[in-house]
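Contents: one structure, followed by commentary.
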Amino acid sequence: MNRRYRKTIIAGNWKMNKTLTETKAFAEAFKPLLNRPKWCEVVLCVPYVNLQAAIRLFKDSKVSIGAESCHYESTGAFTGEVSPEMLKDIGVKYVIIGHSERRQYYNETDVTVNKKVKAALEAGLQPIICVGESLEQREMGVTMDLISYQVRCALSGVPAEKMRKVVFAYEPIWAIGTGKTATSAEAQEVCEGIRTIIRKKYGARVARSVTIQYGGSMNPKNAFELLSQPDVDGGLIGGASLKPDQFMDIINAANQE
Ligand code: PGA
């Protein structure tokens, strides 16, 4: 983390978990734990159907609400889809784009990621752009080549002045939901690499202001060590964000002195 130049953001990614009833129960248990986060911003990305309830439930707290995906068009014949404008209109602040599960199961490509990033920014949302390699790619030694390609595609056509709103999440696919975490050195190496790519494109001032999270089995035990790395500015948390006490422990790790 480097709080001098950029925000630390701890974001939960609920994926396809929690009914409306469970969302309410989570808010009831979690809000009392939230003794005003000192330095980090807290975000909860929840299923579309629970967005409005979550926004209402966390209205008087420091928690911002995010969606887990969006379409790249603002309106049209796209049955089952939700546009960035629709999300913005109900008070959504963040949107996860290019999560590996969407790349794997729903045909998300680097081209659609780029379109969605531009559409989200246009609508006034803050994209959390996910990038990350598979185990095979890591073993082949092409991690940084792949990450560089993903980052440059995602940012194609994004002007420097919009970069203040962009968040990256480095999520090695082999660490997601597996209980296997990247070492803090591995996380730092790739997060630093992402910042270098941003620096080459936009210059040092923009690069140092961008929040770059790590995601992949982050939990209360490993969060402190990962977040102590200079270029790891937060976490995108799946499993551990479903439990109020565990999610809070990670937030506390981000509020370390
Ligand atoms: P995990 O998920 O924390 O359960 O590994 C992270 C993510 O997919 O964003």
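The values are calculated or read from the model by the stated rules, or taken from the named source; none is laboratory data. Not measured: the values here are computed from a predicted model. Virtual Cβ from ideal backbone geometry, glycine too; neighbours counted across all protein chains shown.
Structure summary
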item: Residue list for the stretch 89-118, restricted to those being under 17 Å from residue 45 (Cβ atoms), under 17 Å from the mean Cα position of the chain (by Cα) and more than 14 Å from the ligand (Cβ to nearest atom); result: 92, 93, 113, 116, 117
item: Given (1) surrounded by fewer than 23 Cβ atoms within 10 Å (Cβ to Cβ); (2) modelled with pLDDT of 95 or more; (3) outside any helix (DSSP H, G or I), number of the condition residue 43 does not satisfy; result: (1)
item: Residue within the stretch 149-158 that is out of contact with any Leu (no Cβ under 8 Å at 6 or more places or on another chain) and charged (D, E, K, R) present; result: yes
item: Test: residue in the stretch 192-210 that is of a type in the set (Ser, Thr, Tyr), under 21 Å from residue 94 (Cα atoms) and not in a helix (DSSP H, G or I); result: no
item: Number of positions in the stretch 211-253 that are part of a helix (DSSP H, G or I), more than 12 Å from the ligand (Cβ to nearest atom) and more than 15 Å from the chain's Cα centre (by Cα); result: 8
item: Test: residue in the stretch 15-23 that is more than 16 Å from the ligand (Cβ to nearest atom) and over 30 Å from residue 106 (Cα atoms); result: no
item: Test: residue in the stretch 162-183 that is more than 16 Å from the ligand (Cβ to nearest atom), in contact with a Cys (Cβ under 7 Å, 6 or more places away or on another chain), closer than 22 Å to residue 142 by Cβ and not in a helix (DSSP H, G or I); result: no
item: Residue check for residue 49: assigned to a loop (DSSP other than H, G, I, E, B), more than 16 Å from the ligand (Cβ to nearest atom) and of a type in the set (A, V, I, L, M, F, W, C); result: no
item: Residue match in the stretch 60-75 (condition: free of Cβ contacts under 8 Å to residues at least 40 places away in the same chain and either among the basic types (Lys, Arg) or part of a helix (DSSP H, G or I) (or both)); result: yes
